Amino acid sequence: MEEKFVIHGGHPLKGEVSVSGAKNAAVAILPATLLASDVFTIENVPHIDDVVVLLNILKRLGAKINFINRTTLTIDTREVNSGNVRIKLAKRLRASYYFIGSLIGRFSDVGVYLPGGCDIGSRPIDLHIKGLTALGAKVDTDYGIFHAVSNGLKGTEVYFDQVSVGATINIMLAAVRAKGTTVLINAAKEPHVVDVANFLNLMGAKIRGVGTDIIRIKGVDSLHGCNYSIIPDQIEAGTLMIAAAATKGDVLVKNVVPVHMDALTAKMLEMGVDVQEFDDSIRVSCNKRLNAVNIKTYPYPGFPTDLQQPATVLLSTALGASVIVENIFESRFKHIDEIRKMGAKVTIDDRIAVVQGVERLTGSQVKASDLRAGAALIIAGLMAEGTTELYNIQYIDRGYDHIENKLIALGADIKREKVEEESIEEFELEFR
Ligand code: EPZ
């Protein structure tokens, strides 16, 4: 059943809100449990659609899943006996390729449908294939299946031509059970990459250097279960910080790791937003029109590409022109067509968007094209004058756990509604 958000803008967000566990850590940690045949307890798991899909795939592979509460679950992988993940469900998300890295160390033949995920660019997997091949696996992608065969991986050196979160994590997963030491060069350093490595080390892996450009993984023969709590979601935290500033509100965003937010915090201070950091929370308040700033997205610790779309919306009513350079994905400006319907003035040239600040946005009917575009359009609706109807919100549910409830608790006027079949009034077409 299709749903939409109906948002009445103009309400400053006020109060406190807690961030859920990190999606991009959870979608790797859950498949990583397959590296061992044991029992795990994992806390702070975000209850989002991508996680629900992964849990269903794990169950189909023979894992036993038990929810202790909404965000804590146990996983028992002792009866998983196949590396065949040719499950159509796996097509729905990008992270399904982590089953390859997680299973190739235990099973000699693993296959998963080629990954889906947000349509923000071509999203190749050549670096994943390069790393697995370097470790000694035979990899092919015939018939739309990411397929790897190996009779034992051997540690080696892998140079990533481009910093890749997914490839860094996937090759780390494969390397933990390879014979000998693997060195990953030009590795990704995102907080969720570090979180996955910390989880693997708690399982008995020997990973050093994660969070730097060079990660060393000493292969081990076996791993075991563990209890773990996933880090707070850097991107949800940033989304909520931006929503607070965009609505001229005053919000304490709790359960964050402030240092993970440094790039956004720095930019918000430049814009003239008041940002105060505490041990595990950040207070964002703003009561004036923002200054335009320039943003370039880069791998961590640079400005996160996942916050580029919400930040573009925030800057759409700033004083002056902001230049946004999207260095990571080649087509991550789809939200701009939608905010133009709301009055935004943006020109795009390839990976550069120039946002000319306007007085205000006005409500309109808009649609999400991907997860973070959807989040950006919620923020646009919250800050706009009048009513906004946001369609295709299934994209948003993939990465945020009922974000509307968190926003309502902060004073937003946002409702999730069923999309009624548009009543096409009956009329005879002339000239047919
Ligand atoms: C992860 O995607 C995240 N998804 C993305 O978040 C995030 O935008 C991205 O990292 C960058 O931070 C998950 O973790 C599930 P990459 P991933 O490999 O791993 C190129 C969200 O909204 N590349 O770091 O797919 C690629 O085309 C999602 O939560 C290759 O060329 O991103 C891109 O230009 C959207 N070859 C760049 O590297 C490869 O083999 C970075 O991609 C792999 C990637």
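Read the figures in this text as sums done on the coordinates, not as results from a lab. None of the values given here were measured: they were computed from a predicted structure. All Cβ positions, glycine included, derive from the backbone under ideal geometry; neighbour counts span all protein chains shown.
DSSP assigns beta bridges within the chain; of those with both partners inside it, close to 70 percent run antiparallel.
Which percent, nearest 5, of DSSP beta bridges in the range 23-229 are antiparallel?
On the way: 25 of 35 bridges.
Of the beta bridges lying entirely in the range 23-229, close to 70 percent run antiparallel.
The slack between Leu319 and Ile185, meaning 0.36 nm per residue of separation minus the straight C-alpha distance, is 44.1 nm. With the highest mean first, a sort of the peptides 212-223, 401-412, 182-193 on other beta-carbon atoms found within 10 angstrom per residue produces 182-193, 401-412, 212-223. I want to make sure I understand the PRE zone here: with the label point 7 angstrom from the Cα of Asp349 toward its beta carbon, which residues in the range 285-307 have backbone N atoms less than 19 Å away? So the set is 293-297. Separation of the alpha carbons by more than 31 angstrom is noted, of Lys64/Lys415; Lys91/Lys334; Lys189/Lys254; Lys64/Lys91; Lys4/Lys88; Lys189/Lys418, for Lys64/Lys415; Lys189/Lys418.
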